[in-house]
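Data first, discussion second: the structure below is written as structure tokens.
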Amino acid sequence: MSSGGKNGGTVVRGLSSKVVSDAKQVLDCMTTAAQARRVGETNMNKQSSRSHCIFTISVEAKQQINSKGDTMECRGKLHLVDLAGSGM
């Protein structure tokens, strides 16, 4: 991670973003990410992670609510965070 991104923001090497439309595609992304993680052994934990993993799942939904074409829009975000060295 380093500073100096767009507009002075943070740059994260290896960061990726995917657009998906169903639960299977979400699970496929999570499986791919899990397989790319590095695992090593420490005195405290035989399967200690060597990397942080952060999934941010953004959900957007639109629904037509009447015959005039008016729509209701809902948005939400879920952050799943696994920090290196936090295993038990």
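What to note about this one:
- Pick from the range 21-56, criterion farther than 16 Å from ASP82 by Cα and open to solvent by less than 60 Å² (accessible area, probe 1.4 Å), ranking: modelled with the lowest pLDDT: THR42
- Residue pairs meeting the criteria (Cβ under 7 Å; at least 6 apart or on separate chains; first closer than 18 Å to ASP22 by Cβ, in the range 50-75; second in a strand (DSSP E or B) and of a type in the set (S, T, N, Q)): LYS62/THR71; GLN63/THR71
- The requirement of being at pLDDT below 90, open to solvent by 60 Å² or more (accessible area, probe 1.4 Å) and not in a loop (DSSP other than H, G, I, E, B) is fulfilled somewhere in the range 69-81, by at least one residue.
The values are calculated or read from the model by the stated rules, or taken from the named source; none is laboratory data. Keep in mind the model is a prediction, meaning the values are calculated, not measured. Note that each Cβ is placed from the backbone with ideal geometry, even for glycine, and that neighbours are counted across all protein chains shown. Calculation scope for accessible area: heavy atoms of the full protein, side chains included, ligands and nucleic acids excluded. Shrake-Rupley method; radii C 1.70, N 1.55, O 1.52, S 1.80 Å.
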